[in-house]
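Here, each number is a calculation from the coordinates, and none is a lab measurement. For clarity, every value in this text was computed on a predicted model and none was experimentally measured. Here the Cβ positions follow ideal geometry from the backbone for every residue, glycine too, while neighbour counts run over all protein chains shown.
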Ligand SMILES: NC(=O)c1ccc[n+]([C@@H]2O[C@H](COP(=O)([O-])OP(=O)(O)OC[C@H]3O[C@@H](n4cnc5c(N)ncnc54)[C@H](OP(=O)(O)O)[C@@H]3O)[C@@H](O)[C@H]2O)c1
């Protein structure tokens with residue numbers, strides 16, 4: 001039996017026993033977007049409690065390019081060659097042992113592994129509402145799960161006021177909309193061109209940068225009850241000054257937070273709950289994060305580049321089929 005290997009996909013046989021194959025984006029070393037390659041690999045098999053989908057669209061998240069670049073190597077070492085992507089939508093093609101309540105052929109979105117590929121494994125999923133596109137749904141899972149985690153990290157009641165530093169991005173869009181639904185007043189920072197986007201989602205928009213504390217106080221004279229650092233732009237001291245208590249500040253992107261007494265939130269907790277809330281709010285016409293940039297599978301490097309550059313109101317997805 002002759003062994004054939006792709007550039008750095010897995011090796012496979014050319015006999016009639018050959019297993020099913022697919023195209024996927026992989027990288028075999030840390031580096032810039034150019035290390036991403038389209039390769040031919042074996043179709044993944046779902047394990048216990050997992051499903052495989054034919055991917056329609058994969059959501060691109062900040063963690064994807066950070067892993068690829070090696071920024072997270074100390075916390076999440078990569079085994080090479082590695083796929084990329086954790087969010088996706090598509091059609092169920094295989095059920096792992098123990099999976100119930102879903103059938104082959106169902107339209108789903110969710111979170112899993114190596115999603116920038118023709119097929120991927122999901123570990124959490126939910127059926128997509130009929131009027132939600134595959135592309136938009138692919139951008140929801142991480143954004144909504146993170147938004148709920150931030151809101152759960154601080155005890156808030158309706159009528160209180162929160163500050164969202166980085167309100168126009170994927171996570172910020174979700175925080176603003178979920179917080180508004182909980183009856184909170186939301187102040188969100190964004191670059192000036194993205195203020196209409198932030199306002200449309202229910203927040204008071206202000207510009208980030210110098211004199212942040214004064215600008216926040218001007219629009220929230222009653223004070224800030226909790227602040228979320230989503231942009232990781234070095235404003236934790238200002239957020240502590242505004243809330244008066246480091247434990248009322250939560251960051252998802254600034255590792256200096258721990259020494260200041262700020263809450264760091266880095267691990268996902270409840271994807272099923274997040275997907276259910278996204279569906280409920282979307283179906284009630286109270287939630288949407290538009291696709292701001294759409295790439296193809298072959299353009300995965302550009303998708304990572306665009307994600308790292310930021311300043312995009314909405315989500316970035318790679319459409320696969
Ligand atoms: N720890 C976790 O569990 C977790 C989970 C999800 C995401 N993250 C991380 O959280 C960060 C945000 O994710 P995302 O998907 O929301 O990213 P994103 O879509 O790129 O949004 C970034 C946000 O930051 C704002 N921003 C950009 N430069 C800024 C600056 N200098 N000062 C203040 N704000 C600035 C952007 O505003 P404009 O576009 O208007 O300029 C935008 O609102 C990323 O680093 C991501 O890796 C962490």
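Each of the peptides 261-268, 216-223, 109-116 was scored by the mean count of other Cβ atoms within 10 Å over its residues; in descending order, highest first, they stand as 109-116, 261-268, 216-223. Springs between Cα atoms under 10 Å define the GNM used for the chain, and in it the highest mean-square fluctuation of 149, 182, 37 occurs at 182.
Axis angle, to the nearest 10 degrees, between helix 170-181 and the longest C-alpha principal axis of the chain: 50 degrees. Over the stretch 100-198, Cα pairs under 8 Å with separation of 6+ residues give a relative contact order of 21 percent. Considering the chain at the alpha-carbon level, its Rg and Dmax are found to be 20.5, 75 Å.
Taking packing as the residue-averaged number of other Cβ atoms within 10 angstrom, the listed peptides 150-156, 184-190 run from highest to lowest as 184-190, 150-156.
Taking 7 Å steps out from each Cα toward its Cβ at residue 131 and residue 298 produces label points 3.6 nm apart. For the stretch 132-163 versus the stretch 29-58, the inter-centroid distance based on Cα atoms is 26 Å.
Between residue 269 and residue 93, the simple label model (points 7 Å from Cα in the Cβ direction) yields a spacing of 3.5 nm.
Between the helical axis of 300-309 and the longest alpha-carbon principal axis of the chain there is an angle of about 10 degrees. Annotation: for a label point projected 7 angstrom from Cα along Cα→Cβ of residue 213, residues of the stretch 242-285 with backbone N closer than 20 Å are 242-251, 256-263. Its relative contact order, with pairs defined as Cα atoms under 8 Å and 6+ residues apart, puts the chain at 18 percent. The C-alpha atoms of the chain define a longest principal axis, and helix 271-283 lies at about 70 degrees to it.
Here the label points at residue 29 and residue 152, each 7 Å from Cα along the C-beta direction, are separated by 4.1 nm in the simple model. Highest-first packing order for the peptide set 245-257, 70-82 is 245-257, 70-82, based on the mean count of other beta carbon atoms within 10 Å. Of all DSSP-defined beta bridges confined to the chain, some 65% are antiparallel rather than parallel. Per-residue ellipticity at 222 nm computed for the chain from its helices equals -7500 deg cm²/dmol, with DSSP H segments shorter than 4 residues left out and the rest contributing -39,500 (n - 2.57). Counted residue by residue at 0.36 nm each, then reduced by the alpha carbon distance between them, the extension gain from residue 19 to residue 283 reaches 91.0 nm.
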